[in-house]
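Note sheet for the following structure.
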Amino acid sequence: MTHHPGDSLLRRYSEGAVIPADELWAVESHLETCAACRARLAPDPVAEAVWAGLSPLLDHTPQMPRTKPWRRAYGWVSPAAGPWLAMILLVTAAAVALDRVGFAVGDRVSLVLLIAPVLPVLGVAASWGRALDSAYELTAATPRAGLPLVFRRTAAVLAVVVPGLAAASLLTDVGFARWLLPCLAFTVGTLALGTWVGVTRAAIGLVSVWAVAIVAPTIAYSRTALALGPEAAPVWAALLGAGLVVLGTRRMAFTRLEGNR
Amino acid sequence: MQAIEADGLVVRLGRRNAVDRLSLRLGRGVHGLLGPNGAGKTTLIRTLATVQSPTAGTLSLLGTPANGKLRPVRQKLGYLPQHFGHYKRFKVREFVEYLAWLKEMPKKQIPGAVKEALERVGLSDRAEDRMKSLSGGMVRRAGIAQAIVNEPELLLLDEPTVGLDPAQRLRFRELVAELGQRACVLISTHLVEDVAAACTDVVLMNEGSVVFQGTPADLATAGTTTHVGDSPIERGYSALISAKSAGGAW
């Protein structure tokens, strides 16, 4: 090659771009003999200077992928609760389906009523109990641990449970007050009792009491338990209030490991 | 101001005092917490991590009494529990990010801090893998990453070298030496050689209280050739432990 290679060819060569074999050979043999073109191949001092200035900045600029929006939901939902929330919706749907095919317990008591207090308790246990939330000890030692985070996670559970049960009660003709108050009272009750014995134990205890005191007699004696009737509403409201008071006064328990037991 | 100031600390678990009238002062540097199983190491670390309430005594962390508002202290705290659970479906990066959020780090700092923490434990290339795909040693390193992500002034590591292979243990010692320059690092371990290699200071615990505090060299001089152990420091360890609890083959 007698003439010097053009700028664009030389740039493509220096970038290692694909160049037809004959041209590549010509450029290389020319560069071997032409010092002027070898100098043109040398890095551009301006580009070098810009790069030298930029690279430390690039090291400090986060290059991590951005968090997906649904991951941000973990500010509210406990990462351990996801599968349980899905299960809660499935159980609700199953209760409605059984009710629609005419299955009822005892004296025509809808299954929706019987599961309403149990479902949020499961969700709360998955949000703060050590049995279901594996990272409980890591969480408990962080500044965010405490009643505000517990409330956030509980709100997320109720945001799934309550609309699900509301839809179920519309489909099965069960009055709102009959399931909503027991549902909320059991939710707050689990947390309140949890400040003494831990949320896991409180959940197991309350679900057992419900099963033994309300569900079993309803099935065994074929009559509607008083607690499921509309006249029990003031009692449930009082329990709910008492639970909230206990939570307020004993809130520090949630900053320690004892709240997870 | 010392990072940890404990006086007459008692932590009651059930019927026995897991920590029994313990007094301890620790400042900047890397401190090894040694002791036989059941000596109360984990309970002490949990108490220092503010997740366990002391039954009696006074405890002050980073100059703040540890019975009032815990939040400011916890923001400057790094804690790796002995058995820590994680969320299997989380990516490694998401796991550390989530903990950084729980530690109330400013939102803008989180991505950069997470990247740096993962680099320091050598997990950058696994950042986008799920936690469940990691080996035991890698999970442990992810745990260390979450502990250091907020650049803690008080770093509490409970058995951090379990599951690490020898090369990773060496890298870990370099990392804690680096961290000990600015922070108070307390490492609980049952591996005496970890302490000899990585720690500037040793705290030896038995039956809930401190039986020795000094340099690894001081610990070595406590032992004689009649004591069990493969190294001077191991012999020093058995000399101090057996002097306290006579009898029992273990």
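Nothing in this text is a laboratory measurement; each read-out follows from the coordinates by a stated rule. Please read all numbers here as calculations on a predicted model, not as lab measurements. All Cβ positions, glycine included, derive from the backbone under ideal geometry; neighbour counts span all protein chains shown.
For segment B:149-226, DSSP calls about 50 percent of its internal beta bridges antiparallel.
Think of each Lys and Arg Cβ as +1 and each Asp and Glu Cβ as -1; about the Cα centre, that makes the dipole of the protein assembly as shown roughly 1880 debye.
A Gaussian network model of chain A, with springs between Cα atoms under 10 Å, assigns the largest mean-square fluctuation among A:Pro163, A:Pro45, A:Pro234 to A:Pro45. Across peptide B:144-151, the average count of Cβ atoms from other chains found within 10 Å of a residue's Cβ is 1. Across peptide A:131-139, the mean count of Cβ atoms from other chains lying within 10 Å of each residue's own Cβ comes to 6. Other protein chain C-beta atoms within 10 Å of residue C-beta, averaged over A:192-200: 0. Label separation (A:Ala35 vs A:Ala52): 2.4 nm, computed from points 7 Å beyond Cα along the C-beta direction. For the peptides B:220-231, B:150-161, A:83-94, residues were scored by their other Cβ atoms within 10 Å and the scores averaged per peptide; the highest-first order is B:150-161, A:83-94, B:220-231. Computed from label points 7 Å out along Cα-Cβ, the spacing between A:Leu89 and A:Val105 is 2.4 nm. Using 12 Å as the cut-off for backbone N distance, which residues of segment B:8-29 belong to the label zone defined by a point 7 Å from the Cα of B:Thr58 along Cα→Cβ? So the set is B:8-9. Charged neighbours of A:Ala125, selected by a Cβ distance under 15 Å, balance to +3 (K, R count +1; D, E count -1). When the Cα positions of A:Tyr221, B:Ile187, A:Val207 are compared along the charge dipole of the protein assembly as shown, A:Tyr221 comes out farthest toward the positive end, with charges on each C-beta of Lys, Arg, Asp and Glu.
Counting only DSSP beta bridges with both residues in the protein assembly as shown, the antiparallel share comes to about 55 percent. For segment A:74-260, a crude dipole built from +1 on the beta carbon of Lys and Arg and -1 on the beta carbon of Asp and Glu, taken about the Cα centre, is about 340 debye to the nearest 20. According to the square roots a ≥ b ≥ c of the eigenvalues of the Cα gyration tensor, what is the shape class of the protein assembly as shown, taking rounded for a/c under 1.5, prolate for a/b larger than b/c otherwise, and oblate for the remainder? Verdict is oblate for the protein assembly as shown.
Shown here for segment A:75-175: trypsin sites (Lys or Arg not before Pro) in loop regions (DSSP other than H, G, I, E, B) with at most 14 other Cβ atoms within 10 Å, namely A:Arg108. Between helix B:110-120 and chain B there is an angle of about 50 degrees, using the helix long axis and the longest principal axis of the Cα atoms. Using only Cα atoms, tell me the angle between helix A:118-128 and the longest principal axis of chain A; keep it within 0 to 90° and round to the nearest 10. The helix A:118-128 is inclined about 40 degrees to chain A. Applied to segment B:100-108, the Karplus parametrisation 6.51 cos²θ - 1.76 cosθ + 1.60 on θ = phi - 60° returns per-residue 3J(HN,Hα) values of 5, 5, 4, 7, 6, 6, x, 3, 5 Hz, with x for Gly and Pro. Taking amide H positions as modeled 1.01 Å from N, with prolines and chain starts lacking one, the residues under 5 Å from B:Ser23 and 5 or more places away or on another chain are B:Gly8, B:Leu9, B:Val210. Along segment B:190-204 the Karplus relation, 6.51 cos²θ - 1.76 cosθ + 1.60 evaluated at θ = phi - 60°, assigns HN-Hα couplings of 10, 8, 4, 5, 4, 5, 4, 8, 10, 9, 8, 8, 10, 10, 9 Hz to successive residues, with x for each Gly and Pro. Ordering A:Thr139, A:Leu257, A:Leu193 by the projection of their Cα atoms onto the charge dipole of chain A, which places +1 on the Cβ of Lys and Arg and -1 on the Cβ of Asp and Glu, puts A:Leu193 at the extreme positive end. Sequence-ordered 3J(HN,Hα) estimates for segment B:170-181 from the Karplus curve with 6.51, -1.76 and 1.60 and θ = phi - 60° stand at 4, 5, 4, 4, 4, 4, 5, 4, 4, 5, x, 5 Hz, glycine and proline given as x. Compared with the dominant principal axis of the Cα atoms in chain A, helix A:82-100 is inclined by about 40°. Once backbone amide H atoms are built at 1.01 Å from N, B:Leu33 has B:Ile187, B:Ser188, B:Thr189, B:Val203 as its partners under 5 Å, excluding neighbours fewer than 5 places away on the same chain. For a modelled paramagnetic label at B:Asp230, 7 Å from Cα along Cα-to-Cβ, the residues of segment B:168-191 in reach, with backbone nitrogen under 18 Å, are B:168-170, B:189-191.
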